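S.K.: Take a look at this one; I'll ask things after.
Laboratory data are not the source of any read-out in this text; all were calculated from the coordinates shown. In this text, all values refer to a predicted model and were calculated from it rather than measured experimentally. Cβ coordinates were reconstructed from backbone atoms using ideal geometry, including for glycine residues, and neighbour counts include every protein chain displayed.
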Amino acid sequence: MKQKIIENLSHDVAETWGEETARLRHSLHQNSLFSDDVLASLIERMPQAISPINTMAGSGHDAASWAYCDRSGLSGHEVLEAIKRGRLWINLQKLEEHDSRFEALLDEMYEELQASIPGFKPHRKSLGILISSPGAQVFYHADVPGQSLLQVRGEKQIHIYPANEPFLRPADLENVIRGVTEEEIRYDPTYDAHAEIYDLKAGDMLHWALNGPHRVTNGNCLNVSVTTEHWTAPIRRSYAMNYGNGVLRSELGWTPRSRAISGPAFWAKVALTAFWRKSGMQKKQSFKRIMQYRIDPNAPEGISSLSMGAAE
Ligand SMILES: [Fe+2]
């Protein structure tokens, strides 16, 4: 019998899928698709626009230290060497559109999930690889679609916080969903007392509640993780509700009272969201990615400063 990718997907896990954190095991770390050579060739083939490299401070939570790095002209192995030495991460996104091996992997994973989770019907899904430096951290943030993290190489610790106030304010989530800010949201160290903390090693997998804020700290080793994203009908509705509420709050000065994802007020927000996106306002207001550094294989930390930030 063919080995499954996702293990121990019990009835209990299936029951609370998308609402509570699911801790699972997987077999991707035994797959040769995650060797340095395969990763280096992926880095070379993927356009920078969908494989950004970020750097960040080694300690603290200053989101201003979160910056983009240019890697044009460098080989995949040079980029990997810089990640091994520096404080960086590269996010190879939408691999299913660029490599049939990852497309097959994604399909297989979601077939397994759908076979075990009643009513789970994603209509869109995506797979990425996150390669990150020893000691690198990802600041407190929330993501828009449903998310899983599968640890393939190295060790990391992840804090996951409740997806409600004060940990996640509706206004902050609305801004993330509308792309006005990137994913950063307000963080207070006192939130940590309410966090679930997981130490992940190769073969560990987590799926958490929709929009659940989280932050990640790597162990002292190179980390390779697979991330998946998916959209279902309820996630799409939650997106439209938050988007509509964000337009009402920020653009029309009206404090939305309802977070319902059905009923007349909800459908009015769907219409408002469609209108706003079509009107071109979304593009005008969305976050612009600025390159502040260049990957430099000769620099001690793997990056050198760009004198002028260049918008991508
Ligand atoms: Fe995330």
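S.K.: Work out from phi, with θ = phi - 60° and the Karplus expression 6.51 cos²θ - 1.76 cosθ + 1.60, the ³J(HN,Hα) of each residue of segment 128-143, listed in order in whole Hz, and give x for Gly and Pro.
M.R.: Per-residue couplings from phi come out as x, 10, 10, 10, 9, 6, x, x, 5, 10, 10, 5, 3, 7, 10, 9 Hz.
S.K.: What percentages make up the Cα-Cα pair-distance distribution of segment 233-278 when the bins are 10 Å wide from 0?
M.R.: Binned Cα distances yield the sequence 32, 60, 8.
S.K.: Also, quick follow-up: Taking the Cβ-Cβ separation of S250 and K121 as r and a Förster radius of 45 Å, what is the calculated FRET efficiency to the nearest 0.05?
M.R.: On the way: r = 32 Å, r/R0 = 0.72.
E(calc), rounded to 0.05, equals 0.90.
S.K.: Too long at a 20 Å Cα-Cα cut-off: which of K2/K94; K84/K156; K94/K269?
M.R.: Among K2/K94; K84/K156; K94/K269, the Cα-Cα distance tops 20 Å for K2/K94; K94/K269.
S.K.: Let me ask something additional. Specify whether the C-alpha gyration tensor of segment 108-246 places it in the rounded, prolate or oblate class, a ≥ b ≥ c being the square roots of the eigenvalues: rounded for a/c under 1.5, otherwise prolate if a/b is larger than b/c and oblate if not. All intermediate terms of the calculation are to be shown ahead of the outcome.
M.R.: On the way: a/c = 1.84, a/b = 1.10, b/c = 1.67.
The shape class here is oblate.
S.K.: Right, something else. Once amide H atoms are built 1.01 Å from N in the peptide plane, which residues 5 or more positions from I303, or in another chain, come under 5 Å H to H?
M.R.: Amide H to amide H, under 5 Å and 5 or more residues apart or across chains, I303 pairs with D296.
S.K.: So what J values fall out for segment 148-161 if you push phi through Karplus, 6.51 cos²θ - 1.76 cosθ + 1.60 with θ = phi - 60°, rounded to Hz, Gly and Pro as x?
M.R.: 10, 10, 10, 7, 10, 9, x, 9, 8, 10, 10, 9, 10, 10
S.K.: Hey, what D do you get for segment 162-221 in µm²/s if you plug the Kirkwood alpha-carbon radius into Stokes-Einstein at 10 °C and 1.306 mPa s?
M.R.: Working: Rh = 13.2 Å.
Reported coefficient: 120 µm²/s.
S.K.: Also, I was wondering about something else. Could you give the alpha-carbon Rg of segment 7-97 over 2.2 N^0.38 Å, rounded to two decimals? Kindly include the intermediate steps, with their values, before the conclusion.
M.R.: Details: Rg = 17.0 Å, N = 91, 2.2 N^0.38 = 12.2 Å.
Computed over Cα atoms of segment 7-97, the ratio equals 1.39.
S.K.: Let me ask something additional. Rounded to two decimals, what is Rg over Rh for the chain when you use alpha-carbon atoms and the Kirkwood radius?
M.R.: Numbers: Rg = 19.6 Å, Rh = 20.5 Å.
Here Rg/Rh amounts to 0.96.
S.K.: Given the options A193, A271, A240, which has the most mean-square fluctuation in a GNM of the chain, springs set between C-alpha atoms less than 10 angstrom apart?
M.R.: Comparing A193, A271, A240 in the GNM, the peak value goes to A193.
S.K.: For R23 paired with T190, estimate the spin-label separation in nm (one decimal), with each label point 7 Å from Cα along the Cα-to-Cβ line.
M.R.: Result: 2.8 nm between the two label points.
S.K.: Let me ask something else about it. Picking from K278, K156, K201, which is most flexible by a Gaussian network model of the chain using Cα springs under 10 Å?
M.R.: In the Gaussian network model the winner is K278.
S.K.: Compare the peptides 221-228, 101-108 by average per-residue count of other Cβ atoms within 10 angstrom and give them in order, highest first.
M.R.: On the way: 221-228: 21.1, 101-108: 15.6.
Top of the packing list down: 221-228, 101-108.
S.K.: Suppose the chain between R169 and A57 were pulled fully straight at 0.36 nm per residue; how much longer would it get relative to their current alpha carbon spacing?
M.R.: Numbers: separation 112, 0.36 × 112 = 40.32 nm, distance 2.47 nm.
In short, 37.8 nm is gained.
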